[in-house]
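Notes to accompany the following structure.
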Amino acid sequence: MSDFNRRKFIQICGSGLALAALPFSLNAAAGARVVVIGGGFAGATAAKYLRLLGGNISVTLVDPAAAHISCIGSNLVLTGESALSSLTRPLATLRDKFGVQLVSGRAVRVDPGLHRVHLASGATLDYEHVIIAPGIDFERVPGLNFNVMPHAWIAGAQTTLLKNQLNAMPNGGTFVITIPKTPFRAHTGPYERATVVADFFLRTKPASKILILDANPDIAAMRRTFSTAFTGIYRNIVQYLPNVTVNSADAANMSLNITRGGVTSIVRGSVINVIPPQRAGRLLFDSGLVPSGSKFAPVNPLNYESTQIPAANIHILGDSQATGQAKSGHMANSQAKVCVDAILRALVGLAPDPAPKTTAAAFPPITRTTASWTSTTYAFAPPSGLATIGTMVAVPGTPAEAPTPTEDIREEMAGWLGNLLSDSFA
Ligand SMILES: Cc1cc2nc3c(=O)[nH]c(=O)nc-3n(C[C@H](O)[C@H](O)[C@H](O)COP(=O)(O)OP(=O)(O)OC[C@H]3O[C@@H](n4cnc5c(N)ncnc54)[C@H](O)[C@@H]3O)c2cc1C
């Protein structure tokens with residue numbers, strides 16, 4: 001992306017311009033009920049824009065949390081450069097500003113026949129359309145205890161725990177990070193975590209080491225940026241090992257049993273951050289929306305409607321869906337807008353936009369004063385051959401990556417995140 005385009009992209013990102021003017025009247029949709037499950041980047045954006053653009057549509061947002069804590073930016077909390085409070089957005093803003101009805105609770109099952117959501121409390125909510133956006137769940141790693149080896153991959157108490165462990169770690173200790181096979185939430189995130197913590201160690205505990213155990217054959221995102229950092233400024237701190245399988249964890253001995261190149265061994269660490277393999281939120285499995293043997297929920301990217309239970313007005317957004325697009329907050333926000341547009345059209349009997357586009361972006365900090373960026377734009381590709389559902393494919397030239405980390409990009413990082421948080425939650 002050229003510098004001009006990138007700046008323009010940062011400005012308009014999150015502005016919702018794509019949905020500013022709907023080419024149809026929504027009178028016929030008045031009174032329709034949409035239930036949104038999950039108030040993260042995907043669900044909050046969808047709830048907001050349904051109310052903003054949908055006239056008198058009734059929108060109910062279900063989440064057990066009263067506020068969302070953004071994972072984006074949470075790596076900087078680990079080093080004290082940011083605070084969780086600055087990443088926290090109350091869902092009440094969506095009620096007060098846009099008239100979204102909030103239900104505090106956990107959805108446990110969606111009944112496609114009755115168009116009904118069942119909550120853990122026993123209450124039910126009926127809908128014309130339901131949007132399911134519960135983020136991720138973790139797969140089990142034998143012996144793993146998150147109270148001892150935090151994932152810090154859902155921001156909140158886990159972030160604070162890892163921060164405290166890193167602060168307490170003696171100079172000369174080893175911080176081990178494990179990365180699961182793709183796809184997982186935020187492909188740049190683990191490598192960003194390594195650079196942020198390496199910078200922190202360089203300044204505060206220079207004899208310390210970071211060992212990255214990656215299940216993938218290579219750095220999964222922004223390879224040039226991160227490999228340059230790991231082998232350049234952080235060469236005395238970071239050791240990166242690809243193709244590592246974590247077999248089990250031993251909390252009592254602060255060790256992992258791993259296999260690499262057919263050899264099994266024990267790795268010890270002063271602080272161990274296991275980022276486990278991931279899958280769609282449990283609700284999607286319990287509602288029959290993930291095919292046997294799959295980890296994420298397949299959808300039609302024209303309207304994000306489930307293809308596992310089609311024609312039932314069940315839409316799945318964000319990290320839980322299986323279109324192959326980046327599992328990112330920026331992408332979740334972008335998908336939500338495509339989905340809202342499609343639902344509003346469906347409510348008045350129109351087909352979805354036949355050529356949607358979505359975007360993903362990340363601005364990983366590389367040092368205390370510099371950051372880099374990456375962005376990917378996806379365009380709809382119609383079905384070919386025997387396929388009945390189209391796909392989203394990265395447009396030529398993307399993913400794009402900054403040539404080098406700079407101080408200017410670090411400033412833009414804050415603007416980008418501020419825009420994205422405002423557009424999703426306020
Ligand atoms: C360290 C880190 C760095 C990251 N950096 C970036 C970045 O630079 N750029 C970027 O775009 N993305 C980044 N991400 C990824 C981003 O945070 C996620 O992709 C994004 O949060 C996904 O949004 P979501 O709405 O699908 O899920 P979430 O934001 O996780 O929201 C899910 C919501 O659903 C609720 N929920 C779950 N189950 C239920 C249920 N049964 N009933 C009701 N509610 C439920 C949860 O309480 C939660 O509020 C990063 C992630 C991490 C961990």
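The values are calculated or read from the model by the stated rules, or taken from the named source; none is laboratory data. The structure displayed is predicted, hence computed values, not measured ones. Neighbour counts are summed over all protein chains in view; Cβ atoms, including those assigned to glycine, are modelled from backbone coordinates with ideal geometry. Accessible surface areas use protein heavy atoms only, side chains included; no ligands, DNA or RNA. Shrake-Rupley method; radii C 1.70, N 1.55, O 1.52, S 1.80 Å.
On a 26 Å Cα-Cα criterion, which of the cross-link pairs Lys209/Lys295; Lys97/Lys327; Lys295/Lys337 come out too long?
Over 26 Å Cα-Cα: Lys209/Lys295; Lys97/Lys327.
With each pseudo-label sitting 7 Å past Cα toward Cβ, what's the Ala252-Ile309 distance in nm, one decimal?
Inter-label distance under the simple model: 4.4 nm.
Can you pull the percent of the stretch 145-274's accessible area that's carbon plus sulfur, 1.4 Å probe, other chains left in place?
53
Tally the DSSP beta bridges in the stretch 145-274 and give the antiparallel ones as a percent, rounded to 5.
The antiparallel proportion sits near 45 percent.
At 7 Å along Cα-to-Cβ for each site, give me the label-to-label distance between Thr124 and Ser265 in nm.
Placing both labels 7 Å beyond Cα along the Cβ direction yields 5.8 nm.
If you project the alpha carbons of the stretch 145-274 onto their three principal axes, what span does each projection cover, largest first, in Å?
Cα extents, longest axis first: 32, 32, 27 Å.
Looking at the stretch 166-243, send over the antiparallel percent of its DSSP beta bridges, to the nearest 5.
0
Could you order the peptides 356-363, 392-399 from most to least packed, using the average number of other C-beta atoms within 10 Å per residue?
With the highest mean Cβ count within 10 Å placed first, the list reads 356-363, 392-399.
Ala157 to Asn56: extension gain in nm, 0.36 nm per residue of separation minus the Cα-Cα distance?
Taking Ala157 through Asn56 to full extension adds about 32.6 nm, to one decimal.
Given charges of +1 on the Cβ of Lys and Arg and -1 on the Cβ of Asp and Glu, with all other atoms neutral, how large is the dipole of the chain about its Cα centre, in debye to the nearest 20?
Computed charge dipole of the chain: roughly 460 debye.
Suppose we keep just the DSSP beta bridges with both residues in the chain; what percent of those would be antiparallel, to 5?
For the chain, the DSSP antiparallel bridge percentage is about 60.
Can you tell me how much longer the chain between Asn145 and Arg203 gets when fully stretched, taken as 0.36 nm per residue apart minus their C-alpha distance, in nm with one decimal?
Fully extending the segment from Asn145 to Arg203 adds 17.9 nm.
Kindly give the semi-axes, whole Å and largest first, of the ellipsoid equivalent to the stretch 139-207, taking each as the square root of 5 times a Cα gyration tensor eigenvalue.
The answer is 21, 15, 11 Å, longest axis first.
Suppose all protein chains stay in the model; what accessible area per residue would a 1.4 Å probe give for the stretch 324-426, in Å²?
Result: 39 Å² of accessible area for each residue.
So for each of 329-340, 199-210 I average, over its residues, the number of other beta carbons within 10 Å; can you give me the resulting order with the highest mean first?
Put in order of decreasing packing, that is 329-340, 199-210.
With viscosity set to 0.692 mPa s and temperature to 37 °C, compute the Stokes-Einstein D of the stretch 286-367, Rh being the Kirkwood radius across alpha carbon pairs; µm²/s, no decimals.
243
Please state the Cα pair-distance histogram of the chain with 20 angstrom bins from zero: what percent is in each bin?
26, 57, 17, 0
Of the options Ala152, Phe201, Asn253, report the single residue whose Cα projects farthest towards the positive end of the charge dipole of the stretch 145-274 (beta-carbon charges: Lys, Arg +1; Asp, Glu -1).
Selected residue: Phe201.
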